[in-house]
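The values are calculated or read from the model by the stated rules, or taken from the named source; none is laboratory data. Predicted model, so just to flag it, every value in this text is computed and none were measured. Here Cβ is always computed from backbone atoms with ideal geometry, including for glycine, and neighbour counts include all displayed protein chains.
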Amino acid sequence: MTRSGTPTLRDLARLRRVRDRMDREYAQSLDVEALARGVNMSAGHFSRLFRQAYGESPYAYLMTRRIERAMALLRRGDLSVTEVCFEVGCLSLGTFSTRFTELVGMTPSLYRRHAAGATAGLPPCVARQVSRPVRNREAKRAGRP
């Protein structure tokens, strides 16, 4: 970190490795301490740098990845909400449902009912983009309901 408090290029490269790991291993048990250890940083320093670089905490980033994957699984329609919760690496159905509702704007079971077939016929890259979760504060800024 430079004296001005901004991350160095070396810090950004290490943060990118961690973010890529979270993208790949979202269903694994990942905690901030282990992620920070993997790039030789303290948990507090790692969390501050990650938030500064990506605009959200490592936990929030990981949960967003998990919710994105959960949305895809729920659209498929062949798994229950509980099965999806554990499939994406969440250990608590209550936490999963709360975070899902915060990001998506509806409960997982309601999303499953509404989204089944909603992206049928769309190319996968388009389906991912239109079904990406949006945080409530971002939705308000973008004029979304």
Evaluation of Leu73 against (1) within 22 Å of Thr101 (Cα to Cα); (2) in contact with a Phe, Trp or Tyr (Cβ under 7 Å, 6 or more places away or on another chain); (3) among the aliphatic types (A, V, I, L, M) (one fails), failing number: (2)
Residue list for the range 14-30, restricted to those being in contact with a Pro (Cβ under 9 Å, 6 or more places away or on another chain) and closer than 17 Å to Glu87 by Cα: Met22, Leu30
Qualifying positions in the range 119-145 - at pLDDT below 65, of a type in the set (A, V, I, L, M, F, W, C) and either farther than 25 Å from Tyr59 by Cα or assigned to a helix (DSSP H, G or I) (or both): Val130, Ala139
Any hit, the range 51-59, residues being more than 16 Å from the chain's Cα centre (by Cα) and of a type in the set (S, T, N, Q): yes
Within the range 61-90, tally of residues that are without any contact (Cβ under 8 Å) to a residue 60 or more places away in the chain, within 17 Å of Gln28 (Cβ to Cβ) and either buried (at least 19 other Cβ atoms within 10 Å of the Cβ) or of a type outside the set (Lys, Arg) (or both): 11
Selection within the range 25-49 - surrounded by 15 or more Cβ atoms within 10 Å (Cβ to Cβ) and part of a helix (DSSP H, G or I): Val32, Leu35, Ala36, Ala43, Phe46, Ser47, Arg48, Leu49
